[in-house]
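**Q** This structure is in structure tokens; I'll ask about it shortly.
The values are calculated or read from the model by the stated rules, or taken from the named source; none is laboratory data. Everything numeric in this text was worked out from a predicted model, so none of it was measured. All Cβ positions, glycine included, derive from the backbone under ideal geometry; neighbour counts span all protein chains shown. What goes into the accessible areas is simple: the full protein's heavy atoms, side chains included, and nothing from ligands, DNA or RNA. Shrake-Rupley method; radii C 1.70, N 1.55, O 1.52, S 1.80 Å.
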Amino acid sequence: NDDLIRRPEGTLRALCGRLGIEFDRRMLRWERGGIPEDGLWAKYWYHVTHASTGFDPQLRSSSDRTPAPAGGRVAEEARKG
């Protein structure tokens, strides 16, 4: 969600309020690297997150910037086998 990247504190405060849980500023920062719960696909999906220590609009994954037509070509090539 772009709101989470642009306004992380406000977005998380609103989410916590809706969920009935207390907001904690520690939600805005984390240690670099992965955790076991990331699972088997972590090295393919979370490389940007693992390199970060907080919400930063400059650290978007390449898939976030891939134009839609390129995604279609990738899917077409995958179907060809």
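**Q** Give me the pairs: first residue in the stretch 13-32 and free of Cβ contacts under 8 Å to residues at least 12 places away in the same chain, second residue part of a loop (DSSP other than H, G, I, E, B) and of a type in the set (Phe, Trp, Tyr), beta-carbon distance under 6 Å, and six or more apart or on different chains, which are they?
**A** Qualifying pairs under 6 Å: ARG13/PHE23; CYS16/PHE23.
**Q** Scanning the stretch 1-51 for residues that are part of a helix (DSSP H, G or I) and of a type in the set (Phe, Trp, Tyr), which turns out least open to solvent (accessible area, probe 1.4 Å)? Walk me through it before giving the result.
**A** In the first step, residues of the stretch 1-51 are kept if they are part of a helix (DSSP H, G or I); the result is 2-6, 8-19, 25-28, 36-38, 42-45, 47-51.
Still in the list and also of a type in the set (Phe, Trp, Tyr): 44-45.
Values: TYR44: 134, TRP45: 177 Å².
Result: TYR44.
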